[in-house]
Amino acid sequence: HMASPFRNGPFVGINCTALPESLLESELFGYAEGAFTGAKKGGKVGLFEMAHNGTLFLDEIGEMPIDLQAKLLRVLESGEFLKIGETKPRKVDMRVIAATNRDLPEEIRTGNFREDLYHRLSVIVIRVPPLRERSSDVPELTQHFVDEISSLYGIPPKPIDSDAMEALSAMRWSGNVRELRNVIERLIILSGDTITIDDVHKYCQ
């Protein structure tokens, strides 16, 4: 986003698994006043409208319901969207970034993801390898999380001895970076003044 022509615009993101289909549609497109029972007075601004002249980040795009995928494709192809309850389309200019941990070609084969949307989104594909394939990143990530979590707890960062760091780097991290962060938080809470190899064996197995 910051390296793009849209860097001076908003960065708007949503996790597609966080809301049921009915709410996800209203979050993306917004709705007009009186569009349905319980609609807010004055309507609602959707994420497409909020991201105008900026970037929209769709996390877990592989979880998006198939009906909404078709509507998203129309927005990407035409640059126009309809608020729920409106008949006049609105123009939008934005960059879309999508992320998923699913195998989208396989999802296409099973009928869970639209092939035309996949090709529309996959102009530039960036694969982020799992943490187990980039163990050299573990020390830097670990230090980042030690500093971040220590600051949240209002305590000085705890040092990690070399044997403990080597053990952390050798772990498989099936939960990727989220798992590493949780483990570091656990070690900060439960270890002594220094995080040692014994702490790693005790609290990370």
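The values are calculated or read from the model by the stated rules, or taken from the named source; none is laboratory data. Treat the numbers as computed from the prediction; the structure is a model and nothing was measured. Neighbour counts are summed over all protein chains in view; Cβ atoms, including those assigned to glycine, are modelled from backbone coordinates with ideal geometry. Side chains included, ligands, DNA and RNA excluded: accessible areas come from the protein's heavy atoms. Shrake-Rupley method; radii C 1.70, N 1.55, O 1.52, S 1.80 Å.
Things worth noting here:
- Of the residues making up segment 66-92, those that are in contact (Cβ under 8 Å) with a residue 40 or more places away in the chain and open to solvent by 30 Å² or more (accessible area, probe 1.4 Å) are Ile66, Asp67, Lys71, Leu76, Glu77, Leu82, Ile84, Gly85, Glu86, Arg90.
- Residue among Glu60, Glu27, Glu33, Glu86 that is modelled with pLDDT under 95, under 23 Å from the mean Cα position of the chain (by Cα) and more than 20 Å from Val123 (Cα to Cα): Glu27
- Qualifying position, being under 25 Å from Gly62 (Cβ atoms) and among the small types (Gly, Ala, Ser), among Ser150, Ser122, Ser191: Ser122
- Condition check for Arg95: in contact (Cβ under 8 Å) with a residue 40 or more places away in the chain, touching a strand residue (DSSP E or B) at 6+ places or on another chain (Cβ under 7 Å) and open to solvent by 90 Å² or more (accessible area, probe 1.4 Å): yes
- Answer from Asn112, Asn15 - the residue that is of a type outside the set (D, E, K, R), open to solvent by 60 Å² or more (accessible area, probe 1.4 Å), modelled with pLDDT of 90 or more and under 27 Å from Pro130 (Cβ atoms): Asn112
- Candidate set: segment 1-16, residues that are aliphatic (A, V, I, L, M) and not in a loop (DSSP other than H, G, I, E, B); chosen: the one nearest to Ala99 (Cα to Cα): Ile14
- Qualifying residue in segment 2-15 (condition: within 13 Å of Leu58 (Cα to Cα) and among the β-branched types (Val, Ile, Thr)): yes
- Test: residue in segment 28-44 that is closer than 24 Å to His119 by Cβ, open to solvent by less than 20 Å² (accessible area, probe 1.4 Å), out of contact with any helix residue (DSSP H, G or I) (no Cβ under 8 Å at 6 or more places or on another chain) and in contact (Cβ under 8 Å) with a residue 24 or more places away in the chain: no
- Matching helices (runs of 4 or more DSSP H) fully within segment 110-205 where at least 1 residues are more than 30 Å from Gln69 (Cα to Cα): 138-153, 162-170, 176-190, 197-203
- Hey, Asn182 under 26 Å from the mean Cα position of the chain (by Cα), among the polar types (S, T, N, Q) and at pLDDT below 95 or not: no
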